[in-house]
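Below you'll find the structure, written out as structure tokens, and then a few comments.
Taken together, the values in this text are just the output of simple stated rules run on the coordinates, not laboratory data. Here the structure is a predicted model, which means the values were calculated and not measured. Cβ placement follows ideal geometry from the backbone for every residue including glycine, while neighbour counts extend to all protein chains displayed.
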């Protein structure tokens, strides 16, 4: 049925069907006259009667959404005649599967990085802990205090303890003590006992051995590996022997020998006290002096 | 499932429903066996027998079975959901794809952050290429690829979409 002149243009559905497009046309709002291809696709798949049947089974508020899905489905079927929307669904399933696999891979990789990062943080914390404890021990040594027992195992754990005496004492240094006794002695002890910045071979006996030699008189000679240290240590080693060998001073019957030893030991004591940490505790000096007071009696 | 042999004593589901004689050259017989009557009923209710017949004849013979099965799927979906039909499933899946893509982007960002923090010299694998989906929403439904709301203007018909 042809349209009369001057009448409102029919919708694509009515135009295709060549009928009068009435105002109550259900399809008119969804198939404007300029979208003929869209209607042809929908008509080809569903048919006008089936579309109208679907719309009539729904609430008017749902018509717009229903028509949109119908047009979408029809256009997809026109694009993909064999699989239609089922092909789109399968494609989406495949994409989801690929994304999940990728996510699993990336999560695994991320977990590796997190563990590595966590391990690095633990190492840094451990090193920081060691250095802080070492600083505490050094400060205690500077004050002439024996380090705590729990610090000794810490030194044992520090495997890389280089014994390069960067600030070694030569014979001339003994006679001419440094201007700043405290600072130089602390440096000496610091380099002697601990060097946290450098990483060298493990010297298990060196920190404890030297430490014990300085603080505990009756110590064994240093190992050959600390040749440089031993070489420098010999300069003051006799002084320690003279200071610590109380029995020999007490038991000796030869006064001259004892006086000689006393003088030499006094001199050496003075020198060593100058060389040693300036802040040697008074207790140590008293102990050292006690030896000479005893010898002086004899 | 297409029946390998057709017997005139046993009409196909289509001819049985339409109450007509099932001819040997029945177009529906290979794809609507009498054991599956609901399949043709659904397809007929949504699309109509004539439309299905035209669609079957327009595709290649080796693709007809897939075409009929897809129509049966869409018909069943439309019966279950008269408003959205199978497009509702597409919307749900598309939202899931977008969500996974966002999560993957976030995880990639974390991965790059950790790789940078640990000074890993290995190059990070680039994220997998993804299809760019349009965020075209209408109400609660998501329509992937809004171009499909428009008629296809290709020169020739596609072979039924890639899977």
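In terms of packing, defined here as the mean over residues of other Cβ atoms within 10 angstrom, the peptides A:11-17, B:56-62 line up highest first as A:11-17, B:56-62. Take each residue of peptide B:85-92, count the partner chain Cβ atoms within 10 Å of its Cβ, and average: the result is 6. Peptide A:115-128 is shielded by partner chain Cβ atoms: per residue, an average of 1 of them sit within 10 Å of its Cβ. Based on the alpha-carbon gyration tensor of segment B:13-80 and its eigenvalue square roots a ≥ b ≥ c, which shape applies: rounded if a/c is under 1.5, prolate if not and a/b is larger than b/c, or oblate? Oblate, since a/c reaches 1.5 and b/c is not below a/b.
Taking 0.36 nm per residue of separation and subtracting the current Cα-Cα distance, fully stretching the chain between residue A:105 and residue A:56 would add 12.6 nm.
Using C-alpha pairs below 8 Å separated by at least 6 residues, the relative contact order for segment B:13-80 is 31 percent. For residue A:116 and residue B:63, a Förster radius of 41 Å and the Cβ-Cβ distance give a FRET efficiency of 0.20, rounded to the nearest 0.05. Peptide B:44-57 has a mean of 3 when you count, residue by residue, the C-beta atoms of other protein chains within 10 Å of its C-beta.
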